[in-house]
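Derivation of every value follows stated rules applied to the coordinates shown; laboratory data play no part. Computed from a prediction, not measured in an experiment: that's the story for all the values here. All Cβ positions, glycine included, derive from the backbone under ideal geometry; neighbour counts span all protein chains shown.
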Amino acid sequence: MLIHLVKKDFLIAKKYVLIMLAVAVGIPPVMLWRAPEYGGAMGFVLSVIFAVFMLLQYVSLKEYQCPKASALLCAAPFPRRLLVLSKYIFCVLIYGGCCLIFGIETMVAPQLGELRPDALALMFLVTAVVVGLYLPAQYKLGYEKTRFIFVFIIMISPVFTAALMKSNGAGLSALLTAPPALLCGGMFLAGTIFLAISALLSIKFYDEVDLA
């Protein structure tokens, strides 16, 4: 049942999935050209942010424009909690697709760098935090009131990414000296826990929404 709901989200966004895949392919080499000192890492971060949030925003927009569709799904044997969980899985799958694309690109173009486990873990944590804050806010306040959060995320992401790449603070340096397995495992675990708590909040808020 959950698989069908995730598939539904991809079908809603099908017009833009291929476009965002092309964007995910194109951003790393463009950023390598514009900011060679950062390699393809900055492009990888931006490709994940753009792909996840552009597609998520498009699905949310279509659901906002067709409120009766959500009401019909809830009237059918689809619990609200599964409708919420499908959004989280949708975002995680897009993240995974971006990782796969960048991994293939690094094999074809080694100058992009390598797809390091710590980069995957850090990007998963960043995605989890932003998605984990955005979705509960959307279920609580509605699409109309939270769409500007999306615009802010897209506008601030290049600045945030550049600042992250330039960061050489003592705290970050100390963190990177931790054993790689512990560091990566800790970031993946933190991201997973954050998404789980966020999903519980989103389910609670969505249960309170009147779909009539």
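Using a cut-off of 18 Å between Cα atoms, the listed pairs K8/K62; K8/K145; K7/K145; K14/K145; K62/K145 include K8/K145; K7/K145; K14/K145 as exceeding that distance.
Charge tally for P180 (other residues, Cβ to Cβ under 13 Å; Lys, Arg +1; Asp, Glu -1): 0.
Which FRET efficiency value, to the nearest 0.05, do you get for Y64 and L18 by plugging their Cβ-Cβ distance into 1/(1 + (r/R0)^6) with R0 = 22 Å? Write out the running numbers ahead of the final one.
On the way: r = 23 Å, r/R0 = 1.05.
Efficiency, rounded to the nearest 0.05: 0.45.
Using r as the Cβ-Cβ distance of W33 and V129, and R0 as 22 Å, what FRET efficiency do you calculate, to the nearest 0.05?
Details: r = 29 Å, r/R0 = 1.32.
Using R0 = 22 Å, I get an efficiency of 0.15.
What list do you get for E114, E105 if you sort them by fewest beta carbons within 10 Å?
Numbers: E114 14, E105 23.
Least to most surrounded, the residues fall as E114, E105.
Take the Cα of I104, step 7 Å toward its Cβ, do the same at M155, and the gap between the two points is 3.5 nm.
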